[in-house]
Amino acid sequence: MKTKTEEFIKLIDQASEIAEEMLKDKKPESSAHLNNAIAVLQSIKSKTVNGKLEPSGGVSTLGLAHGVADWIEPLDSPLLKAVGAIEEYYQKNL
């Protein structure tokens, strides 16, 4: 179980890094969305570290991909791919 948690946190850290890089390069209107995405990722990481993240059971999602897809352009963005990987890992492994 420990390695699954570590891998999940690694995916969250990667997505956070992508969002922070985008924040440096983005237009001001995207800043609020990126800051929100970073805050949500950190919240999920914190819950995971503290053992308080609800298990997916193969059904539940975190809502990350949907939330990011609502505002990000282009849709093949590295951030959307990264949060998609988090969602997939969560559903399959946690």
### Task
Go through 78-89, 63-74, 32-43 and give me the packing order, highest mean Cβ count within 10 Å leading.
78-89, 32-43, 63-74
#### Entry: Cα-based helix-to-principal-axis angle, 28-49 vs the chain, degrees rounded to 10
10
### Query
Within the P(r) computed for segment 1-93, what percentage of the Cα pairs occupies the region above 22 Å?
23
### Task
Calculate how steeply helix 78-93 sits against the longest principal axis of the alpha-carbon atoms of the chain, using the helix alpha-carbon long axis, and give the answer as 0 to 90 degrees to the nearest 10.
10
### Task
List the trypsin sites (Lys or Arg not before Pro) within segment 1-60 that fall in a DSSP loop (any state other than H, G, I, E or B) and whose Cβ has at most 16 other Cβ atoms within 10 Å.
26, 52
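A short reminder: the numbers here are calculations on the coordinates, not readings from a lab. Quick caveat: nothing in here was measured; it's all calculated off a predicted structure. We place every Cβ from the backbone using ideal geometry, glycine too, and count neighbours over all the protein chains shown.
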